[in-house]
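The values are calculated or read from the model by the stated rules, or taken from the named source; none is laboratory data. The structure displayed is predicted, hence computed values, not measured ones. Note: ideal-geometry Cβ built from the backbone for every residue, glycine included; neighbour counts use all protein chains shown. Areas reflect the complete protein model, heavy atoms only, side chains present, ligands, DNA and RNA absent. Shrake-Rupley method; radii C 1.70, N 1.55, O 1.52, S 1.80 Å.
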Amino acid sequence: MTEFKGVIPTLSKALSKRGYVALTPVQNAILAPELRSADLLVSAQTGSGKTVAVGLNLAPTLLDESGTIIKSKNPVALVIAPTRELALQVKRELEWLYEFSGTTVISCIGGMDVRAEKRALEHGANIVVGTPGRLCDHVKRGNFDTSELKAVVLDEADEMLDMGFREELEYILNTSPASRRTLLFSATMPRSIEA
């Protein structure tokens with residue numbers, strides 16, 4: 001098994017199983033010790049390994065010393081993506097990356113069965129990946145308790161603002177704890193995102 005410097009062992013095991021021999025520049029950069037508990041604004045090209053970088057950076061916030069998910073009644077991390085396709089892609093990436101940590105990753109996206117998503121939320125999801133409208137709907141209906149979120153990730157933040165999701169994003173962020181980490185990932189970084 002390849003050892004990846006600065007990576008929690010359960011994630012190292014998943015990376016090795018996946019065939020990784022080295023991390024990409026964005027994945028290495030995000031492992032810097034001073035970034036482990038910081039809010040982040042990351043701009044990296046599509047295909048640079050941003051999703052795995054997100055997972056690697058979140059691990060110290062979500063996992064205990066043994067590399068196991070910290071037990072909680074409600075989700076501890078939320079990843080918001082602009083489209084259903086991207087949300088499903090992110091979910092798949094986080095599932096294999098967190099495979100050995102006991103983490104449950106679910107999706108909440110438009111066009112899927114709301115009742116099945118509600119049941120998944122009730123049965124102990126650790127990481128929720130979803131689209132702004134559907135997530136907002138679950139929060140408003142009381143299906144998704146955001147009170148224990150330790151981190152919120154806005155994936156392709158620029159695209160979500162371009163698509164008119166500002167209100168939904170602000171609503172979701174306002175319902176989550178002020179102490180949470182916020183990570184914004186984007187291929188481009190316009191001034192509206194920086195604000």
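If the condition is being acidic (Asp, Glu) and touching a strand residue (DSSP E or B) at 6+ places or on another chain (Cβ under 7 Å), then region 88-114 contributes only Glu95. Is one or more of the residues making up region 40-48 assigned to a helix (DSSP H, G or I), out of contact with any Lys or Arg (no Cβ under 6 Å at 6 or more places or on another chain) and under 25 Å from Pro177 (Cβ atoms)? No; the residues of region 40-48 include none that is assigned to a helix (DSSP H, G or I), out of contact with any Lys or Arg (no Cβ under 6 Å at 6 or more places or on another chain) and under 25 Å from Pro177 (Cβ atoms). When every residue of region 13-26 is checked against the conditions, none turns out to be in contact (Cβ under 8 Å) with a residue 24 or more places away in the chain, within 15 Å of Leu97 (Cα to Cα) and touching a strand residue (DSSP E or B) at 6+ places or on another chain (Cβ under 6 Å). Checked against (1) within 30 Å of Leu23 (Cβ to Cβ); (2) at pLDDT 95 or above; (3) of a type outside the set (A, V, I, L, M); (4) exposed (fewer than 15 other Cβ atoms within 10 Å of the Cβ), Thr103 passes all but a single condition, namely (4). Pairs meeting the criteria (first residue in region 81-107 and farther than 24 Å from Ala187 by Cα and touching a residue at least 40 places away in the same chain (Cβ under 8 Å), second residue open to solvent by less than 20 Å² (accessible area, probe 1.4 Å) and in a strand (DSSP E or B), beta carbons under 6 Å, at least 6 apart or on different chains) are Ser101/Leu63; Ser101/Ile69; Thr103/Ile69. Every listed requirement among (1) assigned to a helix (DSSP H, G or I); (2) of a type in the set (D, E, K, R); (3) within 22 Å of Gly6 (Cβ to Cβ) is met by Arg92 save one, (3). Scanning region 109-139 for residues that are open to solvent by 70 Å² or more (accessible area, probe 1.4 Å) and touching a Ser or Thr at 6+ places or on another chain (Cβ under 9 Å) gives a single hit, His123. When region 69-87 is filtered for residues that are touching a strand residue (DSSP E or B) at 6+ places or on another chain (Cβ under 9 Å) and open to solvent by 20 Å² or more (accessible area, probe 1.4 Å), the ones remaining, listed by number, are Ile70, Arg84, Leu86. Scanning region 21-60 for residues that are within 16 Å of Pro9 (Cα to Cα) and open to solvent by less than 20 Å² (accessible area, probe 1.4 Å) turns up Gln27, Val52, Ala53, Gly55, Leu56, Asn57, Leu58, Ala59.
Within region 158-166, can one find any residue that is open to solvent by less than 30 Å² (accessible area, probe 1.4 Å) and at pLDDT 85 or above? There is at least one residue in region 158-166 that is open to solvent by less than 30 Å² (accessible area, probe 1.4 Å) and at pLDDT 85 or above.
Here is a check on your reading of the model: is Ser66 open to solvent by 60 Å² or more (accessible area, probe 1.4 Å) and either under 20 Å from Arg180 (Cβ atoms) or hydroxyl-bearing (Ser, Thr, Tyr) (or both)? Answer is yes for this residue.
Restricting Arg134, Arg181 to residues that are under 16 Å from Thr83 (Cβ atoms), among the basic types (Lys, Arg) and touching a residue at least 24 places away in the same chain (Cβ under 8 Å) narrows the list to Arg134.
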